[in-house]
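One structure below.
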Amino acid sequence: MDKSYVTMEACFICGEDTGSLLIDRRLKDSFEKHTRTLTVCDKCEKNYLSKGVLLMEAVQKPYGYTGKKKPEPTGSFLVMREEVFSKMFDKEIPEQRRVFIEPDMFKKIRQWSEGNGSAKDDNTKLGKKRKG
Ligand SMILES: [Zn+2]
């Protein structure tokens, strides 16, 4: 199987093409036809991130020679409404509208949000369109 250095960038939320091609040698391990990045397509940006914050479950993984850790998204996410986010975290809405959440915390938030229906969950309406 030949590895390609080119992949279609896929929206983090819906998995659809964002229309961008990615060409990056560093990404080759994860290269499939579509590569999910932290990019969100225009549609999802408008539908979800205009009113909410994207919470991405991520584990801390060491990388490079230094062993320094950086968050690596697991692919699970939910979108939380702004007002809920502010209440829960007592924080300003991040400009990027994207935050990484550790798995333990993510689980709690998800359970909580399922209880009151204030967040979109990737197991309900979203995330089913994954191709392949
Ligand atoms: Zn999208």
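The values are calculated or read from the model by the stated rules, or taken from the named source; none is laboratory data. All of these numbers come straight from a predicted model, not from anything done at the bench. Glycine also receives a Cβ, built like all others from the backbone with ideal geometry; neighbour counts cover every protein chain displayed.
Has the range 44-59 got any residue that is more than 23 Å from Ile93 (Cβ to Cβ), modelled with pLDDT of 90 or more, more than 16 Å from the ligand (Cβ to nearest atom) and not in a loop (DSSP other than H, G, I, E, B)?
yes
Would you tally the residues in the range 84-124 being more than 15 Å from the chain's Cα centre (by Cα), over 28 Å from Lys69 (Cβ atoms) and at pLDDT below 85?
6
Are any residues in the range 70-93 over 23 Å from Cys11 (Cα atoms) and in a helix (DSSP H, G or I), and if so, which ones?
Residues satisfying the conditions are Glu83, Val84, Ser86, Lys87, Met88, Phe89.
Given the condition part of a loop (DSSP other than H, G, I, E, B), within 16 Å of the ligand (Cβ to nearest atom) and either in contact (Cβ under 8 Å) with a residue 12 or more places away in the chain or surrounded by 15 or more Cβ atoms within 10 Å (Cβ to Cβ) (or both), answer yes or no: does some residue in the range 94-102 qualify?
Yes, there is a match, as at least one residue in the range 94-102 is part of a loop (DSSP other than H, G, I, E, B), within 16 Å of the ligand (Cβ to nearest atom) and either in contact (Cβ under 8 Å) with a residue 12 or more places away in the chain or surrounded by 15 or more Cβ atoms within 10 Å (Cβ to Cβ) (or both).
Which condition does Tyr65 not pass, out of (1) assigned to a strand (DSSP E or B); (2) away from the ligand (no atom under 15 Å from the Cβ); (3) at pLDDT 80 or above; (4) not basic (Lys, Arg), if it passes all the others?
Every listed condition holds for Tyr65 apart from (1).
Read through the list (1) small (Gly, Ala, Ser); (2) out of contact with any helix residue (DSSP H, G or I) (no Cβ under 9 Å at 6 or more places or on another chain); (3) modelled with pLDDT of 90 or more, then give the number of the only condition that Gly75 fails.
Single failed check for Gly75: (3).
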